[in-house]
Amino acid sequence: MSKSNASQRIPRAKGIDMAAVYSPKECGRKARHLILPEFNQRIVDEFIAILGMREEFEEHHVPIPNRVVMYGPPGTGKTLTAFYMANILELPLVLVRLDAIIHSHLGETGSNIRKIFDYANTFPCVLFLDEFDAIARTRDSNDEVKEMARAVNTLLQCLDDFGDKSIIMAATNLEKDLDPAIWRRFDTKMTYSLPDYNRRQHYMELLLGDFQCDEAAWTEACDQLEGCSFADIEQIVLKAKRKAIIERQPLQGKHIQDACDEYKPDVATT
């Protein structure tokens, strides 16, 4: 299904579409710099292999997994994984806009959740809910309003009714805030972490491509960016490349340092 055809039927709330739809080709462009840790790559590879053996699994009465929850720090590849899966499976990705779904009026949030699930069930796709905790927060929380508790109940029903022709993927940075019943609805769980030295090095190789760079600056940058997420590294490297281009020089350590000083990443400390 093309992006334009799918968009004609996207349910609306607050005067805006409740989701954006991306074609598999668009998803491939967005996920071109994805680097998964080995454990997550194995999960993805197995997940895709199972989907390609649907008839054999059905023959043995083994359910097909189609619900993935991803959790970990921001900027570590959760959203890109959803785009990657859509591209590999050659399915459109339905990216839900939670700002459109969540409503202050009684019952509206639950109604919007049902509408977007009904929409995703009309054609094979990857339904992606980012910042999942916004609609899946535990109902035991003392500060939880009844409206959101009702929305969680609707979400649980929608997850139970979700067919096996599409994939649902959800991402959160606050996995401890998810309702326990939500956790039990997902058959595949993937945890994400900040990149280690090797993954930082690999990611910088992808970002720099054939851009000229001093070798010493390369090693220095991989050490200097410890504690940064992939999203932080991308922004810092882009800033550094702009500085190098302005000065008509190869990328140097000073460019990385100046970019870090300007970007001020929220570096994780141990």
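The values are calculated or read from the model by the stated rules, or taken from the named source; none is laboratory data. What you are looking at is a predicted structure, and each value in this text was computed from that prediction instead of being measured. Counting neighbours? That spans all protein chains shown, and the Cβs are built from the backbone with ideal geometry, glycine included. What goes into the accessible areas is simple: the full protein's heavy atoms, side chains included, and nothing from ligands, DNA or RNA. Shrake-Rupley method; radii C 1.70, N 1.55, O 1.52, S 1.80 Å.
Run the accessible area of the chain with a 1.4 Å probe and give the carbon-and-sulfur part as a rounded percent. Percent of accessible area from carbon and sulfur atoms in the chain: 49.
In debye, nearest 20, what is the charge dipole magnitude of the range 58-179 about its Cα centre with +1 on Lys and Arg Cβ and -1 on Asp and Glu Cβ, if you could check?
Working: 11 positive and 19 negative charges, 36 e Å.
It comes to approximately 180 debye.
For Lys78, a cut-off of 27 angstrom between C-alpha atoms picks up these lysines, skipping any fewer than 8 places away in its own chain: Lys3, Lys25, Lys30, Lys115, Lys165, Lys176, Lys189, Lys239, Lys241, Lys264. For Ala13, the amide hydrogen comes within under 5 Å of the amide hydrogens of Met18, counting only partners 5 or more places away or on other chains and with H modelled in the peptide plane.
From the helices alone, meaning DSSP H stretches of at least four residues, give me the mean residue ellipticity at 222 nm for the chain, per-run term -39500 (n - 2.57), in deg cm²/dmol to the nearest 500. Don't skip to the answer; put the middle values down first.
Working: 14 runs with 136 residues, N = 270.
The helix contribution divided over the chain gives -14500 deg cm²/dmol.
Applying a DSSP loop filter and a limit of 16 other Cβ atoms within 10 Å to the chymotrypsin sites (Phe, Trp or Tyr not before Pro) in the range 173-270 leaves Phe211. Under the combined filter of DSSP loop state and at most 15 neighbouring Cβ atoms within 10 Å, the range 5-49 retains these trypsin sites (Lys or Arg not before Pro): Arg9, Lys14, Arg32. Ordering Ile102, Ile64 by accessible surface, largest first, gives Ile102, Ile64; the 1.4 Å probe counts only protein heavy atoms, with every chain in place. Computed from backbone phi with θ = phi - 60° and the Karplus coefficients 6.51, -1.76 and 1.60, the 3J(HN,Hα) list for the range 227-235 is x, 8, 7, 4, 5, 4, 4, 4, 5 Hz; x is used for glycine and proline. Remark: the chain carries a charge dipole of roughly 900 debye about the Cα centre, counting +1 on each Lys and Arg Cβ and -1 on each Asp and Glu Cβ. What angle do you read, to the nearest 10 degrees and between 0 and 90, between the alpha-carbon axis of helix 146-161 and the longest principal axis of the chain? Orientation of helix 146-161: about 80 degrees from the principal axis.
A 1.4 Å probe, protein heavy atoms only, puts the accessible area of Asp266 near 140 Å². Relative to the longest principal axis of the Cα atoms of the chain, helix 78-89 runs at roughly 70 degrees.
Here each label is just a point 7 Å from Cα along the line to Cβ, and for Gln257 and Met53 those points are 5.4 nm apart.
What percentage of all Cα-Cα pairs in the range 12-191 are separated by more than 28 Å?
Working: 3396 of 16110 pairs.
Summing the P(r) of the range 12-191 above 28 Å gives 21 percent of all pairs.
Quick query: amide H of His103 versus all other amide H atoms, modeled in the peptide plane; which residues come in under 5 Å with a sequence gap of 5 or more or a different chain? Long-range HN contacts for His103: Thr109. Helix 108-120 and the long axis of the chain differ in direction by around 80°, with both axes built from C-alpha atoms. Other residues lying with their Cβ under 12 Å from the Cβ of Arg97 contribute a combined charge of -2, Lys and Arg counting +1, Asp and Glu -1.
In the context of the full set of protein chains, residues of the chain present 51 Å² of accessible surface per residue (probe radius 1.4 Å, heavy atoms only). Since only Ala181, Val267, Pro24 are under comparison, the one whose Cα sits farthest along the positive direction of the charge dipole of the chain, derived from C-beta charges on Lys, Arg, Asp and Glu, is Pro24. Under 5 Å between amide hydrogens, built in the peptide plane, is the criterion, and for Asn66 it picks out Asp187 among residues at least 5 positions away or on other chains.
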